[in-house]
Structures are given as structure tokens and as C-alpha cells.
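The values are calculated or read from the model by the stated rules, or taken from the named source; none is laboratory data. Owing to the predicted nature of the structure, the values given are computational and were not obtained by experimental measurement. Don't worry about glycine lacking a Cβ; one is built from the backbone with ideal geometry, like all the others, and counts go over all protein chains shown. Surface accessibility is based on the protein's heavy atoms, side chains included, excluding ligands, DNA and RNA. Shrake-Rupley method; radii C 1.70, N 1.55, O 1.52, S 1.80 Å.
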Amino acid sequence: MKAPVRVAVTGAAGQISYSLLFRIASGDMLGKDQPVILQLLEIEPAMNALKGVIMELDDCAFPLLHGVVASHDPMVAFKDADIALLVGARPRSKGMERKDLLESNGAIFTGQGKALAAVANKNVKVLVVGNPANTNALILSKNAPGLNPKNITSMMRLDHNRAMTQLANKVGAHSTDVKDVVAWGNHSSTQYPDIFNATVKGKKASELVDENWLVNDFIPTVQKRGAAIIEARGLSSAASAANAAIDHIRSWVLGTAEGEVVTMGVPSDGSYGIPEGVMFGYPCTCKNGEYTVVQGFEINEFSRKYIDITYKELCEERDSIKHLLG
Ligand code: NAX
């Protein structure tokens, strides 16, 4: 039997976690032979709700669940964590500007960065889900001395998965027939879902659809999918977001399949003309617990225009919280 992996999850009583925790505990994320210990962080007023979630985890009698820790103190919840899924964040309330949201979440992610650096495993793999995810991840990274900045990532996989299915549906294929889509940039309505490198059953996707569909249907549908789900469900996406978090970590830890490319929000490194200093959705492959940004994807004039817009937004977000970047 393998030694248990310690998985910290924040926002553990929230709606994404209500899907996420049960799938981690059942082995969907790290494999059916990998025991886990869940280390759950919530704010004090939500501790009672969290107690209920833990009762339900108990009631599943998961063979792979080797322990649950619950705390409102990050120094407890992050202790020796091997993986940290940072889902908890302050939602946007009425009248709140984007800048105010960045600021109030900034305070959460500076504190959590410091706590992770102080008590987590030095090689902890971090995925930031809480919005604005890319900039929260950047803030965390700048406030976590001693942790490898490459190990701090943000979630773009939901956007990637959305793009795969939209394209598959359009051409009458299955999402598994689709390869090499990318959701470039920010997890926001400026993200750029790109099909110019993609194939469907080996055929170039750009030859199967026209530009009018791309501009007026595909790109806005993927960009605004979160809002459409809120409109339909009255609540933001939760099960699909949990699924994307599971996909992100599973790819990173267990590797991508031969020929599989996934989108991860990772520190920009100059690839594709994006200077260092933002957390950017890039095409990645993973092997032996490490990701690599795929090089050589074609960026045509059409794509460059969209990539520049999402990069500009990330720079604006970063510049509005400069004082939090250490
Ligand atoms: P909920 O409001 O249901 O849950 C959030 C939980 O976080 C609450 O229980 C709250 O008490 C807790 N929390 C707040 N501050 C905390 C702190 N400092 N430490 C620990 N816990 C804290 O939101 P939910 O629907 O679960 O969404 C969570 C976050 O994911 C939101 O920021 C949301 O915008 C973001 N999303 C990100 C996505 C992505 O692709 N990156 C997609 C889905 C989702 O919209």
C-alpha cells in the first residue's frame, strides 16, 4: 500500500468542494491505489457546514480516505500538504468593482502563500481555482518564499474542456476525437479558446468550421460559459469546475497521455511572446510530475489579436494589485 498523499482543499464547505472532495477521496484524482488524507480549510462561520460535509465523507466509507483534518487555520490545514487546491475565495458582492474583488482576494492569497511556504511540503503542487484565479495565483506565488514558482498554477482546464466539447458538437464528433485545443490567457471573458492547432479525428479543425462560427459563436460561447450556467442554474458552475480541478492535478501528477495537450495556467516564461510576470493559460504536457509548455504551436494574425487582449487584461489586473506582489 502506498503512503497517503496529503491534499489540502480550501473553501471546503463551498459548492465546488461538495463535488471535489468526494471524487478526490474515491481515487479519481490520484489513482485507485493512492490513499489520501484530506486537510480542509474554511472560514470560521462555515466550520459547522464543513462538519456536515465531513459526516458525509465518513458515510461513504471510502477505502482510500485515510484521514480528514478540518481547520480555519491555514497553518494547520496546509501542514505537510503535498497538493493544495485553493478553491475558497471571496465572491463578488453587489456594487463591488473588479479591483475591489482583486484586493479582498489578494489579502486571502498573500496569507495563504505565507502559510504554505511555512508549513507545506516544499514541493507542494498548488492549483488556484478561486477567482480571479490567474492573478490570485500570481499573488500567492510572490508571497510564498521557498516554494518553486513553477509549482503554483491556476485553473484553465474548465475552459479547455468547454472548448473541446463545443468544437466536437459542431462537427458531429466526440470530445475524445478533438486534440490540441488551447485556452490561452486569463480565466475570464477575455480568454482565447484557439482551434487553429486543433484536429478532429486527425483533420485540421480550422478546415471543418468557418470564421463566422469562430467569431460569433464558438469564442463567445466558451468565454461566457460561466455566465450562461449562472443564468440557467441560478448558481455558478460547480461539478464541472471540480471535474476540471481533478483533471488538472491528475494530468500533472500522473502525466498526460501520449499526444495529449492540456491547458494549464502557469507562470509566463516568454513563450509565445508573453513576457514573464503573469499567470497565463498555455498548452502543456506533463510527465514524471512536471509540466512543460508545448512550443511550436502556430499563432496566426487572428489568434495574436485575441492573445494580446487577454494578456493586456492580466497586466491590468497585476498592476492594480502591485503592492501585494512582495
Ligand atoms: P462557494 O461560495 O460555494 O464556496 C466558497 C467557499 O470558500 C465558501 O464556503 C467560503 O466560506 C470559503 N472561503 C472564503 N474565504 C475563505 C478563506 N479565506 N479560506 C478558506 N475558505 C474560504 O463558491 P464555489 O462555487 O465553490 O466557487 C469557489 C471559487 O471558484 C469562486 O471564487 C469561483 O469564482 C471560482 N471558480 C473558478 C473557476 C475556474 O475555472 N478557475 C470555475 C468555477 C468557479 O466559478
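The table that follows gives values for the structure above.
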item: Cα point-scatterer Debye curve for the chain, base-10 log of I(q)/I(0) at q = 0.07, 0.11, 0.12 Å⁻¹; result: -0.26, -0.67, -0.80
item: Net +/- balance of residues flanking GLY255 in space, Cβ distance below 10 Å, scoring K and R +1, D and E -1; result: -1
item: Antiparallel %, DSSP beta bridges [both residues in the chain], to 5; result: 45
item: For segment 296-315 and segment 150-205, distance of Cα centres in Å; result: 15
item: Inter-site label distance for ALA49 and LYS224 at 7 Å from Cα along Cβ, in nm; result: 2.9
item: Equivalent ellipsoid dimensions for segment 232-326 as semi-axes, Å, which come from the Cα gyration tensor, largest first; result: 23, 20, 16
item: Those aspartates and glutamates that a straight Cα-Cα span of less than 15 Å connects to LYS287, excepting residues fewer than 8 apart in one chain; result: ASP247, GLU258, GLU260
item: Net dipole in debye of the chain [+1 Lys, Arg Cβ; -1 Asp, Glu Cβ; about Cα centre; nearest 20]; result: 300
item: 3J(HN,Hα) from dihedral phi, segment 270-284, Karplus parametrisation 6.51/-1.76/1.60, rounded to Hz, x for glycine, proline; result: x, 4, 6, x, 9, x, 4, x, 9, 9, 10, x, 10, x, 9
item: Estimated inter-spin distance, GLN34 and TYR18, nm [label 7 Å along Cα→Cβ]; result: 2.7
item: Per residue accessible area of segment 1-98, 1.4 Å probe, in Å²; result: 48
item: Per residue accessible area of segment 242-297, 1.4 Å probe, in Å²; result: 37
item: Charge dipole of the chain about the Cα centre (unit charges at C-beta), most positive-ward option of MET47, LEU314, ASN300; result: MET47
item: Over the chain: helical MRE at 222 nm, DSSP H runs n ≥ 4 each giving -39500 (n - 2.57), nearest 500; result: -12000 deg cm²/dmol
item: Debye, to nearest 20: dipole size of segment 87-165, +1 on Lys, Arg Cβ, -1 on Asp, Glu Cβ; result: 120
item: Partner aspartates and glutamates for LYS224 [C-alpha distance under 12 Å; skip if fewer than 8 residues away on the same chain]; result: ASP159
item: Carbon/sulfur fraction of accessible area - the chain, other protein chains in place, 1.4 Å, %; result: 53
item: Number of Lys pairs (Cα under 28 Å; 8 or more positions apart or on different chains) in segment 8-135; result: 14
item: Segment 58-164: mean projected area of Cα convex hull, nm²; result: 8.9
item: Solvent-accessible area of ARG318 with every protein chain in place, 1.4 Å probe, in Å² to the nearest 10; result: 50
item: Leading residue at positive end of dipole, segment 208-326 (Cβ point charges), from SER268, SER240, PRO283; result: SER240
item: Selected from PHE297, PHE218, PHE22 as most flexible by GNM, with the chain as the system and alpha-carbon contacts under 10 Å; result: PHE297
item: FRET efficiency for ASP308 and ALA61, using Cβ-Cβ distance with R0 set to 51 Å, rounded to 0.05; result: 0.45
item: Most to least accessible of LEU140, LEU324 (protein chains only, probe 1.4 Å); result: LEU324, LEU140
item: Check: segment 35-131 dipole with +1 on Lys, Arg Cβ and -1 on Asp, Glu Cβ, in debye; result: 420
item: Simple label model, 7 Å out from Cα along Cβ direction - ASN288 to VAL215, nm; result: 4.6
item: Ratio Rg/Rh [Cα only; Rh per Kirkwood] for segment 151-260; result: 0.96
item: SER189 accessible area, 1.4 Å probe, all protein chains in place, Å² to nearest 10; result: 70
item: Where segment 107-226 is the region considered: accessible area per residue in Å², 1.4 Å probe; result: 36
item: Sequence of HIS66, HIS160, HIS323 when ordered by accessible area, the most exposed leading, probe 1.4 angstrom; result: HIS323, HIS66, HIS160
item: Evaluated over segment 1-80, the Cα radius of gyration and Dmax, each in Å; result: 11.7, 37
